[in-house]
Amino acid sequence: MNYKQILTNIHREVSALKNTGEVASYIPELAKVDKDHFGIYLNNIHGDNFEAGDADVTFSIQSISKVFSLAMAFANQGNKLWERVDVEPSGNPFNYLSLLEREKGIPRNPLINSGAIVVADCLVSTLKNPKEDFLQFVRDLANDQSINFDKNVVASEKKTGFRNYAIANLLKSFDNLHNSVEDVLDFYFHQCAIAMNCKQLSNAFFAFANRGKCMQNNTPIKPNQAKRINAIMLTCGFYDEAGEFAFEVGLPGKSGVGGGIVALLPNEYVITTWSPALNEKGNSYYGMQALERFTTETNSSIF
Ligand code: GLN
């Protein structure tokens, strides 16, 4: 398969489309990002890699971080995690509140905000230095010690994260938040504000495509946990567009409001796209277009 040629062509074709998406502005710092960035990076489990466009420009990973926090909490506490968060698609926006009230403080899944805030609470309870330990986990997964938090994004989201404060308080009222709202959201805003590029994200997700074994050849995630996390990505990774992503692209994956999307074919490859303009569901418009073309042209999907 000539991945280099395929990525170059897709990058050119998609760049020629009118970019109808909008850059996220509810976190003011994200609104400053240039809408025209567009990068693609693919690595396969044989160790080859290919790229097109802005694959080495860093951006805010936002909700893509929910996969890392889920992996760390699942590795630490195993199936006990599922007593506090479910694994069903929500069919609702990522910051939706009323489902949580109806379902008595048990979030639908760990990849919407309420679920990720419960996972963050678990990590704040169990890690010695929660933010530092989590950052180290991500650095080790990516095999790149230069990865860091973007403090401007943290500050920006702290000022405007009213819905996340509401979610955390609602969780607290149902006794599904054990630490203080401030401590848990401080951790959550930091995890979302990690800055990475397409290459670093693809490298970090290698473990999920490789049965839990990361690029350094150790196994931070058990094979059966990688399988379950991939299942959650497939059913819940794109909020109320998870069905559409499975239909159009056919891979497990995760998006973030910074405009990144990571998708993977187990035992084959990881592909990451970044284009900051989002469709109305909060997923990257160019990213969705590129990934649909990629799995169609390479005739590769889990189906
Ligand atoms: N930090 C963002 C928020 O909590 C993450 C949302 C996202 O990427 N979908 O609103």
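The numbers here are math on the coordinates, done by the rules we state, and not lab data. Fair warning: this is a prediction, and the values are worked out from it, not measured in the lab. Here Cβ is always computed from backbone atoms with ideal geometry, including for glycine, and neighbour counts include all displayed protein chains.
Taking 41 Å as R0, compute the FRET efficiency from the Cβ-Cβ separation of GLU101 and SER25 and round it to 0.05. Please list the in-between numbers first.
Values: r = 27 Å, r/R0 = 0.66.
Computed FRET efficiency for GLU101 and SER25 comes out at 0.90.
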Taking amide H atoms as placed 1.01 Å from N in the peptide plane, list the residues 5 or more away in sequence, or in a different chain, whose amide H sits under 5 Å from that of LEU278. GLU22, VAL23, ALA24, TYR285
Determine the distance separating the Cα centre of region 87-166 from the Cα centre of region 45-83; give it in Å without decimals. 13
Sticking with the crude label model, points 7 Å out along Cα→Cβ, report the distance from MET1 to THR296 in nm, one decimal please. 1.7
Positive dipole terminus of the chain, leading residue within GLN191, CYS122, SER301 (C-beta point charges): CYS122
Highest-fluctuation residue, ASP186, ASP54, ASP133 considered, GNM on the chain with Cα pairs under 10 Å: ASP133
Tabulate in residue order the Karplus-calculated ³J(HN,Hα) for region 201-211, using 6.51 cos²θ - 1.76 cosθ + 1.60 with θ = phi - 60°, rounded to whole Hz; enter x for Gly and Pro. 5, 4, 5, 5, 7, 3, 4, 6, 8, 10, 6
Taking Cα atoms, the helix 65-77 axis meets the longest principal axis of the chain at an angle in degrees (rounded to 10) of 60
Angle between the chain longest axis and helix 223-236 axis [Cα atoms, degrees, rounded to 10]: 90
What order, most packed first, do the peptides 91-97, 36-42 have when packing is the mean number of other Cβ atoms within 10 Å of each residue? 36-42, 91-97
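For PHE247 and LYS222, what is the calculated FRET efficiency with R₀ set at 25 Å and r taken between the beta-carbons, to the nearest 0.05?
Details: r = 30 Å, r/R0 = 1.20.
E between PHE247 and LYS222, to the nearest 0.05, is 0.25.
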Ranked TYR165, TYR286, criterion: other C-beta atoms within 10 Å, fewest first: TYR165, TYR286
Under a point spin-label approximation (7 Å from Cα along Cα-to-Cβ), what is the ASP144-ASN76 distance to one decimal in nm? 2.4
Cα gyration tensor shape for region 4-99, rounded if a/c is under 1.5, else prolate or oblate: oblate
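Would you mind working out the magnitude of the charge dipole of region 50-159 relative to its Cα centre, with +1 at each Lys and Arg C-beta and -1 at each Asp and Glu C-beta, to the nearest 20 Debye?
On the way: 12 positive and 15 negative charges, 98 e Å.
About 480 debye.
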What's the magnitude of the charge dipole for the chain around its Cα centre, counting Lys and Arg as +1 and Asp and Glu as -1 at the beta-carbon? Answer in Debye, nearest 20. 480
To the nearest 10 degrees, how steep is helix 130-142 against the longest Cα principal axis of the chain, on a 0 to 90 scale? 20
A correct fewest-to-most ranking of MET1, MET215 by other Cβ atoms within 10 Å would be MET1, MET215
